Amino acid sequence: MTGLHLRGLHRQRDTPLALGIGVASGLLGFAIGMPLPWMLGPMIGNTIAALMRLPVRGPDRLRPIVIPVIGVLLGFGITPEILGQLGGWALTLVLLPLFLCVAAGWAYVVYRRIGGYDPVTAYYAAMPGGVNEMLILGVAAGGNHRQIALAHAARILIVVLLVVLWFGLVLDVRATGTGPGMIALSALSVTDYLILGACAAVGAVVGQRIGLPAAPVFGPMILSGLVHALGWVTVAPPSIIVIAAQIVIGTVIGARFVGATLRDTARDLGIAVIASGGMLAIGIAFAAVIAATMDMPLAQAFLAYAPGGLTEMSLLTLTLGQDIAYVSVTHIIRIALIVAVASTVFRLIRR
């Protein structure tokens with residue numbers, strides 16, 4: 001057997017190991033009452049496994065399949081009544097670019113001055129945009145692949161954990177469940193499955209072709225919201241499918257720490273805690289202004305400005321019973337802004 005073939009067999013076994021850890025960690029998180037257990041549990045479990053040098057490999061091929069499922073779930077929470085409030089979101093969207101400048105500026109200083117990252121790596125590590133997009137742009141500009149990837153994986157991990165702690169300990173807001181309640185596989189008819197499956201597949205493909213930001217989530221979310229608003233489907237996707245999707249997402253995030261030494265990872269995580277914690281503090285300040293001005297719950301405004309991933313923050317919003325449309329649309333615009341202007345701003349600064 002060749003060495004290449006042996007490595008291939010090892011890689012095939014690595015993903016089931018990561019998923020097994022993800023399932024076990026999710027069950028443990030659910031048993032102890034952890035918020036968002038099916039994503040946070042696998043995320044933490046695989047992060048620990050990766051730092052212990054276990055051969056875990058994230059199921060990256062499954063991620064493009066399960067992300068649209070989350071989009072379909074989020075579409076269930078978008079009602080015509082919520083969309084009627086669009087005009088009241090003006091202040092949030094006006095202040096969003098200023099928040100991004102302040103938060104990214106803070107993170108850049110941390111990665112550059114404290115972390116000692118080179119300017120390119122520090123810049124793209126600091127941008128609170130999509131992980132894949134920032135990694136592609138950063139590497140193309142000459143940044144360090146591992147440090148950028150680790151910075152964004154750490155940002156998402158740290159933001160989710162800190163947001164959960166802040167909600168529970170400071171705001172005393174508890175999870176209301178996993179969204180629309182437990183939905184059995186038998187609760188959907190064959191027609192429901194076909195319509196929601198089409199929302200996931202068509203929404204993701206068409207969304208990418210027409211250039212929607214965060215297309216794998218946003219495209220299915222739009223179509224799902226439409227079919228639910230029209231009454232073609234009246235239930236959310238089955239809970240077991242949503243749980244499986246969350247386990248895959250959490251496993252992928254945790255397994256991103258594979259390959260880094262414990263010493264380097266601990267150092268980079270420490271820097272990420274300072275950067276992400278500062279960004280969250282800035283987000284709280286902006287959210288307080290929005291909440292006071294718009295007579296909105298501070299919890300809702302804060303979720304919209306928390307610099308985590310769109311999928312993760314949307315799931316948290318659904319779990320905590322906040323306005324999913326307001327939060328998800330704000331995050332979609334944030335990611336679109338960062339992706340659209342990050343390279344241009346970097347070139348101007350570099351000159």
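Readers should treat all values here as calculations from the given coordinates under stated rules, not as data from a laboratory. What you see is a predicted model; the values in this text were computed from it and never measured. Please note: Cβ atoms are built from the backbone with ideal geometry, for glycine as well, and neighbour counts cover all protein chains shown.
Here is how the numbers come out for the structure above:
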| quantity | calculated |
| --- | --- |
| S186-L28 FRET efficiency (beta carbon distance; Förster radius 25 Å; 0.05 resolution) | 0.35 |
| Virtual spin-label span in nm between L230 and A140, 7 Å along Cα→Cβ | 3.6 |
| Normalised alpha carbon radius of gyration of region 235-329 [divisor 2.2 N^0.38 Å] | 1.31 |
| Potential lengthening between V341 and L93 on full extension [0.36 nm per residue; Cα-Cα distance subtracted] | 87.7 nm |
| The chain - convex hull of the alpha-carbon atoms, volume per residue in Å³ | 150 |
| Order of W232, W38 - criterion: other Cβ atoms within 10 Å of each residue's Cβ, fewest first | W232, W38 |
| Viscosity 0.890 mPa s, 25 °C: Kirkwood-radius Stokes-Einstein D of region 200-260 over Cα pairs, µm²/s | 184 |
| Pair C101, L194: separation of 7 Å Cα→Cβ label points (nm) | 5.3 |
| Gained length - D264 relative to V289, 0.36 nm times residue gap less alpha-carbon distance | 5.2 nm |
| Relative contact order for the chain, counting Cα pairs under 8 Å that sit 6 or more residues apart, in percent | 31 |
| Among G75, G321, G33: highest mean-square fluctuation, GNM of the chain, C-alpha pairs under 10 Å | G33 |
| Simple spin-label estimate for V109 and R209 in nanometres, 7 Å along Cα-Cβ | 4.7 |
| Of A340, A50, A301, the one that fluctuates the most in a GNM where the chain has Cα springs shorter than 10 Å | A340 |
